[in-house]
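Everything below concerns the one structure shown next.
The values are calculated or read from the model by the stated rules, or taken from the named source; none is laboratory data. The shown structure was predicted, so the numbers you read here are calculated from the model rather than taken from an experiment. For neighbour counting, all protein chains shown are included, and Cβ atoms are generated from backbone atoms with ideal geometry for every residue, glycine included.
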Amino acid sequence: MSQEPVSTVPLPGAWRAVVTFAVAAIVSYTDRLILNLLVDPIRADLGISDTQVSLLQGAAFAVLYACAGLPLGRIADRWPRRNVIIAGILIWSGATIACGLASDFPTLFGARILVGIGEAALAPAAISMIADLFPPSRRGFAIGVFLTGMVVGGGAAISIGGALLSVIQQGAVESWPLVGTLAPWRSVMVLVGLAGVPVAVAVMTLHEPARSKGEALPSMLDSLRRLGRDARVLAPIYGAAALISIGDYGFLGWIPSLLSRRYGWTPMETGAAIGVLLMATGAAGALLGGALADRLQKTYGVTGRLRLAFGMALLALASVPLLLLDSSVAAIIATATWSLASTSAGAIAITALQDLVPNELRGLGTSLVAFGNTIVGLGLGPTLVALATERVYGDPRSLHLAIATAVVPAAIVACFLLRDARRTLLRTA
């Protein structure tokens with residue numbers, strides 16, 4: 001397990017780095033999700049099908065994002081992390097611009113792959129730097145602030161992107177070079193891509209903190225073997241995070257359809273309510289979870305963090321039965337509670353891993369969270385709900401039952417895994 005000197009004071013410039021990384025996360029998620037807002041004009045312009053659009057939204061991004069994260073996490077453990085982040089920002093920003101200039105589906109698909117590769121560099125390197133900039137007793141809230149940028153970015157892709165598309169359609173950029181000659185959806189992609197350039201410049205001004213010295217690990221295999229020494233504690237945490245993400249992608253991904261199919265909500269009503277709700281509860285969960293985890297860490301150490309993560313996972317689990325009350329109000333309360341609790345549990349788990357994983361492996365250790373969440377959560381969550389709807393209940397309006405069927409077992413196992421990790425750590429401490 002990681003052993004660090006006791007300190008209570010962040011390094012100079014620590015909070016400036018956290019805010020900069022949070023802004024980078026907002027830009028990252030905006031570039032990642034902006035395509036969802038532009039589906040119809042892209043289909044009309046390029047003449048592509050819904051299936052091809054789904055590949056752009058999912059496989060083109062998610063698979064490469066998950067797989068590229070592992071070597072990029074390893075690179076963040078060996079190279080200056082600031083430079084890794086700068087390179088990632090420039091790659092995903094340039095790729096987003098390329099999406100706006102793409103003339104056909106293969107070009108757009110390739111550009112989306114590069115967006116995924118570039119964005120996979122951010123979290124492992126940024127969280128590793130934050131862990132070195134802050135002492136363990138202050139680390140949870142700082143990581144929570146960074147993760148808030150991801151939550152806000154998801155909503156910003158819709159709100160900022162929608163506003164930008166509207167003003168462009170009204171002719172606001174007609175006189176601009178290059179951008180003014182493009183179709184509105186293309187102008188949006190180019191402009192949000194260009195927004196990454198000043199963020200990369202801001203990262204250049206940050207100080208790279210010194211790493212605590214650890215054993216030299218020349219290869220990825222050696223690094224994974226080193227993590228394997230602590231697998232009895234680490235594996236349950238990684239497993240719990242991945243299983244909770246099944247609920248994030250399955251529950252939160254299908255709740256708009258549930259409100260529409262079962263309660264007759266319009267897309268405008270659903271988008272306005274759910275978008276704001278998820279941003280508010282997600283940000284609150286990340287910040288609250290990080291702050292509470294820091295308080296418990298001062299008294300109980302890492303076991304205190306894991307105890308709180310277990311409690312938040314239980315709260316997320318307890319929210320799902322509200323869907324069975326057959327009420328739109330109950331569904332909204334369930335959504336808000338799940339978002340708050342699952343985001344909090346995720347932030348706490350990531351912070352606990354920074355305490356447990358050796359300093360020289362924090363980049364790889366963090367990338368394993370993204371790998372598991374993407375492969376398990378995104379790979380299984382939405383599909384399990386769809387299969388339960390079609391094959392088990394046979395009724396499109398039974399989404400509330402399908403969500404519960406898919407999410408509850410995963411959340412129960414996640415709770416057991418977090419409890420097991422804490423008990424193992426107590427026995428081996």
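If you go through the stretch 82-103 one residue at a time, do you hit one that is touching a residue at least 40 places away in the same chain (Cβ under 8 Å), in contact with an Asp or Glu (Cβ under 8 Å, 6 or more places away or on another chain), among the basic types (Lys, Arg) and under 22 Å from LEU356 (Cα atoms)? No, the stretch 82-103 has no match at all. Of all residues in the stretch 60-80 being of a type in the set (Phe, Trp, Tyr) and buried (at least 20 other Cβ atoms within 10 Å of the Cβ), which is nearest to GLU360 (Cα to Cα)? Per the stated criteria, the residue is TYR65. If you scan the stretch 329-356, which residues turn out to be crowded, with 24+ Cβ neighbours inside 10 Å and among the aliphatic types (A, V, I, L, M)? Matches in the stretch 329-356: ALA334, LEU340, ALA341, ALA345, ALA347, ILE348, ALA349, ILE350, ALA352, LEU353. Contact annotation: residue pairs with Cβ atoms under 7 Å, 6 or more positions apart or on different chains, pairing a residue in the stretch 336-360 that is in the same structural domain as ALA240 (by TED's automatic domain parsing) and in contact (Cβ under 8 Å) with a residue 24 or more places away in the chain with a partner that is assigned to a helix (DSSP H, G or I) and aromatic (Phe, Trp, Tyr), are TRP338/PHE251. I'd like the full set of residues that are touching a residue at least 12 places away in the same chain (Cβ under 8 Å) and closer than 15 Å to TRP92 by Cβ, limited to the stretch 189-211. Across the stretch 189-211, the qualifying residues are MET189, VAL190, LEU191, VAL192, GLY193, LEU194, ALA195, GLY196, VAL197, VAL199, ALA200, VAL203. Figure legend. Inter-residue proximity from the stretch 176-188: first residues among the aromatic types (Phe, Trp, Tyr), second residues part of a loop (DSSP other than H, G, I, E, B) and buried (at least 16 other Cβ atoms within 10 Å of the Cβ), beta-carbon distance below 7 Å, spacing 6+ or different chains. Indicated pairs: TRP185/LEU38. Residue pairs whose Cβ atoms lie under 8 Å apart, separated by 6 or more positions or on different chains, with the first residue in the stretch 379-406 and in contact (Cβ under 8 Å) with a residue 40 or more places away in the chain and the second assigned to a helix (DSSP H, G or I) and among the charged types (D, E, K, R), are GLY381/ASP248; PRO396/ARG261; ARG397/ARG261; ARG397/ARG262; LEU399/ARG261; LEU399/ARG262; HIS400/ARG262. Restricting the first member to the stretch 242-253 and to residues that are touching a residue at least 24 places away in the same chain (Cβ under 8 Å) and farther than 18 Å from LEU368 by Cα, and the second to residues that are assigned to a helix (DSSP H, G or I) and among the aromatic types (Phe, Trp, Tyr), the beta-carbon pairs closer than 8 Å and six or more apart or on different chains are GLY247/TRP338; PHE251/TRP338; LEU252/TRP338.
To keep it simple, each residue is scored yes or no on (1) buried (at least 16 other Cβ atoms within 10 Å of the Cβ); (2) modelled with pLDDT of 90 or more.
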position	(1), (2)
ALA120	yes, yes
ALA126	yes, yes
ILE143	yes, yes
LEU147	yes, yes
VAL152	yes, no
ALA172	no, no
TRP185	yes, no
VAL190	yes, yes
GLY196	yes, yes
